[in-house]
Structures are given as structure tokens and as C-alpha cells.
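The values are calculated or read from the model by the stated rules, or taken from the named source; none is laboratory data. Small disclaimer: the values here were computed from a predicted structure and weren't measured. Just the protein is used for accessible areas: all its heavy atoms, side chains included, with ligands, DNA and RNA removed. Shrake-Rupley method; radii C 1.70, N 1.55, O 1.52, S 1.80 Å.
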Amino acid sequence: MRIQHRWLLLLPATAVAALAVACGGDSGGSSSDSTATATATATQAAGGDISDPSREIEVLMKDNFFEPTEIRLAVGEAVSIEAKNEGVAIHNMHVLSADTEGKDFTSAPIVNPGESSEFTVQFSQPGTYKFQCDFHLPGMVGEIIVE
């Protein structure tokens, strides 16, 4: 039974990894917060340059919820997000964007317990953008409100 359970976990992880590779370039980063260190490289889906981040936001990934579940940004503001896994399960943070450039933003495809992944987001249009853990839907979700 344990082997079957591992395969069930591996299949979504493989799909997420394949999607990340197919969608675009890497954006590595290091934490500017002295209390947290990025331990995984983040992937930014779709091409295009993002301005240097003006600030950093820490998002905790626990079992199975985000903290905070709501983030507020200004239109055009580039923000570095450190997705920090404080749970015992694997997680990720995937921001679904309906922005005019059609970009999604994501942490590393798999962020192991005790690790973190840093990535940058920037939205050119106001609106509400959902984020999720691809492994723990429908409950592990949140939103970014761009004003």
C-alpha cells in the first residue's frame, strides 16, 4: 500500500515539473530577509523581464493551508515571494494569472518540508489572482489582490 501511495504523489509532481520546464525560464534568487534563506530555485513561467523586486513577502505553506491567504499589491509592483514549507508534506505555490501577458508564477515545483523557494511576481492589470498548492486542492488556496 505504501508503494502505491508514493506513486500517487509522484504523478502530480512529475506533471508539475514537466509543465514548469515547458513553460519557460528560471529566475533564481536569494533572500534579502536575514531570518530566512531561499533553499530552492524558483521557476517563472513564460518569458519576459520582471523589474527588480521592491519588497519581499514570506508565505508559509503549512498542512494544508497558506499563511497569509491574502496578499495586496499595487499594479506594476514587483514583489519577491518566499514560499516557505513549514509542513510535513511537500507543497508548492502556483499563482494563476489572467493578466494581459498571460503569465503564471510559481515556486519550485516541489518544496520539501523545511525548505523554501523564492520567486518574483509582477502584475500589469488590477484584479484578483488566485494562488494554490498544486498538490492540495481544493483547500490550499489564496489570492493576490492587485489595486
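Per residue, the accessible area of the stretch 51-147 comes to 41 Å², computed with a 1.4 Å probe over protein heavy atoms only. Here's how it looks for residue 123: its modeled amide H is under 5 Å from those of 76, 77, which are all 5 or more places away or on a different chain. Compared with the alpha-carbon gap, the fully stretched path from residue 130 to residue 64 is longer by 22.2 nm at 0.36 nm per residue. Expressed as a whole percent, the accessible area of the stretch 56-147 that falls on carbon and sulfur atoms is 52 (1.4 Å probe). Under a 5 Å amide H cut-off, with hydrogens placed 1.01 Å from N, residue 131 pairs with 96, 142, 143, 144 among residues at least 5 apart or on other chains.
Per-residue SASA remark: residue 55, around 100 Å² accessible (1.4 Å probe; ligands, DNA and RNA not included).
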